[in-house]
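Inspection log for the structure reproduced underneath, given as structure tokens.
The values are calculated or read from the model by the stated rules, or taken from the named source; none is laboratory data. From a predicted model like this one, the values you see are computed outputs, not experimental measurements. For neighbour counting, all protein chains shown are included, and Cβ atoms are generated from backbone atoms with ideal geometry for every residue, glycine included. Side chains are part of the model used for accessible areas, which takes the heavy atoms of the whole protein and leaves out ligands, DNA and RNA. Shrake-Rupley method; radii C 1.70, N 1.55, O 1.52, S 1.80 Å.
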Amino acid sequence: MSAAALSAERAEYWVRRWDRQQEHYMPDREQRFEVLGDVVAELVGRLDPLIVDLGVGPGTLAARLLDRFPESTVVGVDADPLLLALAERTLPAERFRAVAADLRQPDWFERLELDRAPDAFVSTTALHWMNREPLRQLIAVCAKALEPGGLFLDGDHLYEGEEGPRLDALARAVTRRRAGRTGAAAAEDWQAWWAAVEAAPELAELVRLRAGGFEHTVHDKPTAHDYLAFAREAGFAEAGTVWQYGDDRVVVAIR
């Protein structure tokens with residue numbers, strides 16, 4: 001899924017640039033990563049956790065977890081061959097494995113070919129492109145795969161929905177004000193990053209393989225409450241929000 005023209009050095013450049021453009025939307029993105037790591041540190045009772053990164057993208061969350069937990073292994077799953085190639089070229093092959101799969105398809109978990117139950121499913125800024133029913137099914141698969149005490153963690157822009165339109169507007173405003181104060185609002189945005197990618201010679205083959213990109217159309221958007229309800233319905237013993245700044249939240253479900 002990677003192209004010979006893409007060196008590790010250039011892959012690292014594009015991942016660093018990805019980090020900056022993501023901060024355009026999440027001025028406290030690094031704190032979100034810290035919180036996700038804190039939850040794993042607090043609740044996973046082993047030094048060598050097996051972590052599945054759902055919608056791993058270019059591997060930015062995986063990189064931080066691998067750094068924080070030196071004996072951990074991460075299996076990253078994504079449908080975008082270009083982003084997976086960036087992850088493969090920048091993360092240690094002995095501790096990270098990329099799997100090409102669409103999380104909306106029923107066979108995604110089997111395609112991971114895990115040799116034991118994972119300790120945690122994690123995700124960051126990825127599951128928001130799933131409609132309610134595929135998300136419900138995904139969380140149910142995660143619950144079935146985990147042993148008691150296993151975790152489902154998601155950090156993303158999550159909202160109240162129809163029950164709280166003013167709260168959602170307020171949350172967006174808080175994030176926008178924070179981005180203005182930190183300077184993150186001036187960073188390159190999503191569209192500019194992808195435009196640069198499509199013009200980069202070393203990524204031309206991966207752009208071709210990507211064939212127009214991943215379909216992001218969402219017509220039945222889950223709320224923050226849906227995530228928690230789906231987790232409890234799937235058999236998680238507890239589910240709740242452990243961190244929020246503006247419209248950026250981290251939700252946790254414990255099997």
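Here are a few things to note about the model shown:
- Relative contact order (%) - criterion: Cα under 8 Å, at least six apart; region: segment 19-133: 29 percent
- Förster radius 35 Å - calculated FRET efficiency between Ala196 and Glu71, Cβ distance, rounded to 0.05: 0.45
- Sparsely packed chymotrypsin sites (Phe, Trp or Tyr not before Pro) within segment 219-249, loop by DSSP, other Cβ within 10 Å at most 16: none
- Taken as Cα centroids, segment 1-75 and segment 171-235 sit 15 Å apart, rounded to the nearest whole angstrom.
- Take the chain with all the other protein chains still there, run a 1.4 Å probe, and you get 47 Å² of accessible area per residue.
- GluC sites (Glu not before Pro) restricted to segment 84-176 and DSSP loop, no more than 10 other C-beta within 10 Å: Glu94, Glu113
- Cβ-placed point charges (K, R +1; D, E -1), dipole of segment 18-80 about Cα centre in debye, nearest 20: 20 debye
- Ordered by solvent-accessible area of protein heavy atoms (1.4 Å probe), largest first, the residues Asp19, Asp38 come out as Asp38, Asp19.
- Portion, in percent, of the accessible area of the chain that falls on carbon or sulfur, probe 1.4 Å: 50 percent
- By accessible area with a 1.4 Å probe, ligands and nucleic acids excluded, highest first: order of Thr182, Thr90: Thr182, Thr90
- Relative contact order [Cα under 8 Å, 6+ residues apart], the chain, whole percent: 26 percent
- Counted charge near Asp226, where neighbours are those whose Cβ lies closer than 13 Å (Asp, Glu -1; Lys, Arg +1): -3
- Extension gain for Glu30-Arg181 works out to 52.8 nm (0.36 nm per residue, less the C-alpha to C-alpha distance).
- Extension gain for Leu43-Arg16 works out to 6.8 nm (0.36 nm per residue, less the C-alpha to C-alpha distance).
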